[in-house]
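The values are calculated or read from the model by the stated rules, or taken from the named source; none is laboratory data. None of the values given here were measured: they were computed from a predicted structure. Positions of Cβ are generated from backbone atoms using ideal geometry, with glycine treated the same way; all protein chains shown enter the neighbour counts.
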Amino acid sequence: MIVGVDHIGLATTDPLRVGEFLGALGLSRIDGGTADDYGVACEFWRGPDRSIGTDIEIVSPARDGSAIDSRLTGQGAGLYHIAFVVDDVRAELRRLRGLGLSPVDAEPCRGARPGMKVAFMYVPRPASFLVELVEYGPAKRENSV
């Protein structure tokens, strides 16, 4: 079951500049990591009241051949995905596949945060956007670095 919105992902080749922009908007970097299965570096940013709100994730290539290389080459930087917290990522993959979403990942992968499992799916036309399903294990999403 979808529990809520976890974060909005922004794809870029220049995470420093995007971070400066988010800082100017009053957000602060709260954590980050690398999603090795996808070859991407991730930074998570949140507003001044860290106990509420949806995070903004800066996603950038961590190596050649990263999962976002073709996206950045074809469409450039910008809004990348919407991530939803789910209580069971495998069950949601099955349920949403049955509703016509196209899976990018056949099985969940390790995310950038401790205890985070993720899987990506495309929502078909007319919406045409990327969804990330996020399940946290015992290590929940943190409110600060």
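For this structure, a couple of remarks:
- Selection within segment 106-129 - touching a Lys or Arg at 6+ places or on another chain (Cβ under 9 Å), free of Cβ contacts under 8 Å to residues at least 60 places away in the same chain and surrounded by 18 or more Cβ atoms within 10 Å (Cβ to Cβ): P108, M116, K117, A119, M121
- If you go through segment 19-55 and keep only what is outside any helix (DSSP H, G or I) and hydrophobic (A, V, I, L, M, F, W, C), you end up with L25, L27, I30, A35, V40, A41, C42, F44, W45, I52.
- The single condition among (1) touching a Pro at 6+ places or on another chain (Cβ under 7 Å); (2) part of a loop (DSSP other than H, G, I, E, B) that A67 does not meet is (1).
- The one condition in (1) of a type outside the set (F, W, Y); (2) surrounded by fewer than 19 Cβ atoms within 10 Å (Cβ to Cβ); (3) out of contact with any helix residue (DSSP H, G or I) (no Cβ under 7 Å at 6 or more places or on another chain) that P103 fails to fulfil: (3)
- Qualifying residue in segment 86-99 (condition: closer than 16 Å to G39 by Cα and touching a helix residue (DSSP H, G or I) at 6+ places or on another chain (Cβ under 8 Å)): no
- Restricting attention to segment 1-20, the residues that are over 12 Å from the mean Cα position of the chain (by Cα) and buried (at least 16 other Cβ atoms within 10 Å of the Cβ) total 4.
- Residues within segment 79-104 that are among the charged types (D, E, K, R) and in a strand (DSSP E or B), tallied: 0
One line per residue, one yes/no per condition, for (1) under 25 Å from S128 (Cβ atoms); (2) basic (K, R); (3) in contact with a Lys or Arg (Cβ under 7 Å, 6 or more places away or on another chain); (4) modelled with pLDDT of 95 or more:
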site: M1; (1), (2), (3), (4): yes, no, no, no
site: G9; (1), (2), (3), (4): yes, no, no, yes
site: A24; (1), (2), (3), (4): no, no, no, yes
site: A41; (1), (2), (3), (4): no, no, no, yes
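- When S66, S70, S51, S60 are checked against the criterion of being in contact with a Gly (Cβ under 6 Å, 6 or more places away or on another chain) and either touching a residue at least 24 places away in the same chain (Cβ under 8 Å) or within 22 Å of T13 (Cα to Cα) (or both), a single residue qualifies: S66.
- All positions within segment 73-101 that are without any contact (Cβ under 8 Å) to a residue 60 or more places away in the chain, farther than 20 Å from R17 by Cβ and among the β-branched types (V, I, T): V89
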